[in-house]
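Contents: one structure, followed by commentary.
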Amino acid sequence: MFHLGRITRTRFVGHSKRARLVLGLSGLLTVCLPAFAAPDHYAQEQMRYIATYFPGRMAGSPAELMAAEYLQRRLAQMGYQSNLRTFNTRYQFHGSDGKADWRKISATSVIAAKAGATGGEILVIAHSDTFMPRSDGDLNNNLGGLTLQGVDDNASGLGVMLDLARRLGPVPLAVGVRFVALSAGEPETLGAEDYLQRMTPQEKRNTLLVINLDSLIGGEKLRVDYSPDSGDSRLLGLVKDLGTRARQAGIPLILNTGIRAAAECSTDALPFAKAGFAVLDVGSGIAGNRCRERNVSRNFPHGMVRYQSPLDNLTYLDRHLTGQMDKRARDSLALLGPMLERLTGADKPKG
């Protein structure tokens, strides 16, 4: 296993410098684009690629912008109308002297859409950024920073999102679909809140369901939290169908009523649930509303891998959760693929 050094305390370069850096590396990025994988392994290969080539993709960093360019290019290749959306935000950093200061960043999300024959739309989101240290304590504990690969949190969600997009890309749809890789999701939900604020009243009316994909590998079981207060009776039917499909396929699955609201494990699903959307928050974990992904053990002393550079990397997860990345990719797609195909009408024969 490679050893991860202490995070350097570096302010990000300005947006214009980030842009020049990415343009300078665009040729390299094009060369590095992986060939389309075999269908059964596409999601996992995308997870590995994103974690390997874009570590430390904190909101506003050069790595985040390069990852956004990569995702936008991939989605455009699949036939989606895809673009980058930059937004300005800020976060508070707490020093060891007890003082706090606000730091400004320009974050970049990716939006890719495909219209259906009707006006409705399914929104699939996954945050693209890795954890940004918010205090000297985070830095001292090796949380987040430039070396964090973020395999579980959240290359896993991005890989599954790309695979779902790949499957729906060439198929005519009755109901449209929109895939959004949100930045500034760690540890807060600034990207989700920005996206929600920019939605027009018509877009809000057209959004039939929001699916959030986040941290699919590190937990003991796949887990789906859902918003029972949306007023959409169809949501409970979808949840029931997921449970049935999981039992039939032998996939361990936790179904949990309510979206977790704890600040220490914030989810991009929460702003949408608060706004009244029907939401499925797909991740992994254990039963209950605790933030832990798994029971405490020698290899996982905090009961989770998120935010931790020495744990949330390919070497560590391949060693201590052998085969889980591939299994979680397949299980997630086995549950969500047929559901999305049914909701969008992609499963209906075209005559």
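Couple of notes before you dig in:
- For region 95-143, applying the loop criterion from DSSP together with a ceiling of 15 other beta carbons within 10 Å to the trypsin sites (Lys or Arg not before Pro) yields 99.
- Averaged per residue, the chain has 42 square angstrom of accessible surface, using a 1.4 angstrom probe with ligands and nucleic acids left out.
- Across the chain, Cα pairs under 8 Å and at least six residues apart give a relative contact order of 20 percent.
- More than 34 angstrom apart: percent of Cα pairs within the chain: 19
- Peptides 57-70, 326-339, 159-172 ordered by packing proxy, namely the average of other Cβ atoms within 10 Å per residue, highest first: 57-70, 159-172, 326-339.
- Euclidean distance of C-alpha centroids, region 84-122 and region 142-196, integer Å: 12
- Cβ-Cβ distance of residue 202 and residue 90, R₀ of 30 Å, FRET efficiency by 1/(1 + (r/R0)^6): the value works out to about 0.50.
- Given +1 at the Cβ of Lys and Arg, -1 at the Cβ of Asp and Glu and no other charges, the dipole of the chain around its Cα centre is 360 debye to the nearest 20.
- The chain: calculated mean residue ellipticity at 222 nm from DSSP helix runs of at least 4, using -39500 (n - 2.57): -11500 deg cm²/dmol
- Taking the charge dipole of region 187-271 about its Cα centre, with +1 at Lys and Arg Cβ atoms and -1 at Asp and Glu Cβ atoms, the residue from 233, 210, 263 reaching farthest to the positive side is 233.
- For region 147-223, the relative contact order is 54 percent, taking Cα pairs closer than 8 Å that sit 6 or more residues apart in sequence and dividing their mean separation by the residue count.
- Antiparallel bridges, percent of DSSP beta bridges restricted to the chain (to nearest 5): 55
- Hydrophobic long helices, here whole DSSP H runs in the chain with Kyte-Doolittle means of at least -1.0 and Cα atoms spread over 18 Å or more along the helix axis, are found at 15-32, 62-77, 156-168, 233-249, 324-344.
- The lysines within cross-link reach of residue 348, meaning a Cα-to-Cα straight distance under 27 Å and a gap of 8 or more places when in the same chain, are 114, 204, 240.
- Heavy-atom accessible surface of the chain: percent carbon and sulfur, 1.4 Å: 53
- The candidates 127, 302, 320, 94, arranged from most to least accessible area with a 1.4 Å probe in the full protein assembly, appear as 302, 94, 320, 127.
- Extension reserve of the residue 104-residue 256 stretch, reckoned as 0.36 nm per residue once the Cα distance is removed: 51.1 nm
- FRET efficiency, residue 326 to residue 240 (Cβ-Cβ, R0 35 Å, nearest 0.05): 0.80
- Length released on extending from residue 73 to residue 287, taking residue separation times 0.36 nm less the Cα-Cα span: 73.3 nm
- Antiparallel beta bridges, as assigned by DSSP with both residues in region 83-199, represent about 70 percent of the total such bridges.
- Against the rule of thumb 2.2 N^0.38 Å, how large the Cα Rg of region 80-175 comes out: 1.46
The values are calculated or read from the model by the stated rules, or taken from the named source; none is laboratory data. On a predicted model such as this, the values are computed, not experimentally measured, just so you know. For neighbour counting, all protein chains shown are included, and Cβ atoms are generated from backbone atoms with ideal geometry for every residue, glycine included. Just so you know, the surface numbers come from the protein's heavy atoms only, side chains and all, with ligands and any DNA or RNA stripped out. Shrake-Rupley method; radii C 1.70, N 1.55, O 1.52, S 1.80 Å.
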